[in-house]
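Inspection log for the structure reproduced underneath, given as structure tokens.
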Amino acid sequence: MGVFSLLRMRGLAPHGYCLLWDPALLWLHVVSDGIIALCYFSIPFALLVFLARRRDVEFGWMIALFVAFIMACGTTHLMSILVLWVPAYGIEGLIKALTAAASLLTAIAIWPLVPRLLALPSPRQLQQANDALRREADERTRIEAQLRQSQKLEAIGRLSGGIAHDFNNILTVVMGSLERATTRIDDRDKVLSALNNAFEASQRAKALTSQLLSFAREQELTIAQHDLNQILREFVNLIGSSLGAQTLLVGTFDDQPMPIDVDRTQLEVALVNLVMNARDAMPDGGVVQIDCLYPDPYMVAIRVTDAGTGMDATTLERATEPFFSTKPVGQGTGLGLSQVYGFARQAGGHLSIESEPGKGSTVTIVLPR
């Protein structure tokens, strides 16, 4: 028997005939099958909307199979309404056959998924996992806070030790100079030299205090116009004699004035920091070179070069961090290059550092002219 022969009605009576065309029975079936069909069709629509918005669902193909199965079931109930008046039993049978096939595939496919579905965490398990993650995050936050506090205390300790070391060196110079002045009271030249050394050391103490105030953001810049070449010449003459016998400070400057608006005190503090770092980088002595360059008509560059130990890439990356120092504890505050960097930025310029281990360092302060 072919499919087309099944589709022929062949004079069969509609299902309503079996119900004796009783209106109550007819409408009971119509209303019941209609509601069932409407619900069957609404459920797949909801599932399709869910799949469209959640494409990451792992078992999406199984939901699509459910959609086909439920749609087929809904169609069979519509056919039940149709055959009440039209004896289309062949079409109804084919639709039931498709529904049976969809039902069989769904039933076969769902059982292997049961273990995987059971392995999915329940809402309670998810909540417990979330609570555990929250506790872990809180613990990590607490440990990080302790670490930051420890780092702060270490930085304060390093700063205190460095300041104590620097002031101790300055006071040693002041006290030694004053002592020499009192013992050489009859030698005017030696007394004046000792007092001059004490005065210079006091100036260094004032500069260190100014440096600390700048980090406390209590130091205001005093901008005025100065001749940069004159500042550098006077700086070399003043500081050169205080670097020790093994270190020579030399400079290359133009004879022509170079007017620049700058805070002279902060510039000199920055230069002191650079020169002292250069000296400390050459334990066996050497030459510290200061040059004044003009990279363009709008900028001026002050370059300080040494032939010391140099810095590796890791040290160079952290060189301008406050409190970072490669010197032993108590022999440096770690504020030197940080102050230079802050001064250059505050003055509208920038700082560049070039260095390689064993090849020395070149630090350049670029300022607007």
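With a ≥ b ≥ c the root eigenvalues of the C-alpha gyration tensor of region 39-132, is it rounded (a/c under 1.5), prolate (a/b larger than b/c) or oblate? Prolate, since a/c reaches 1.5 and a/b exceeds b/c. Per residue, the solvent-accessible area of region 29-144 (1.4 Å probe, heavy atoms of protein chains only, all protein chains present) comes to 67 Å².
Take region 245-307 with all the other protein chains still there, run a 1.4 Å probe, and you get 47 Å² of accessible area per residue. Shape class for region 29-83: prolate, because the ratio a/c of the largest to smallest gyration tensor axis (alpha-carbon atoms, square roots of eigenvalues) is 1.5 or more and a/b beats b/c.
The values are calculated or read from the model by the stated rules, or taken from the named source; none is laboratory data. Everything quoted here is computed from the prediction, not taken from an experiment. Heads up: the accessible areas ignore ligands, DNA and RNA and are worked out on the full protein's heavy atoms, side chains in. Shrake-Rupley method; radii C 1.70, N 1.55, O 1.52, S 1.80 Å.
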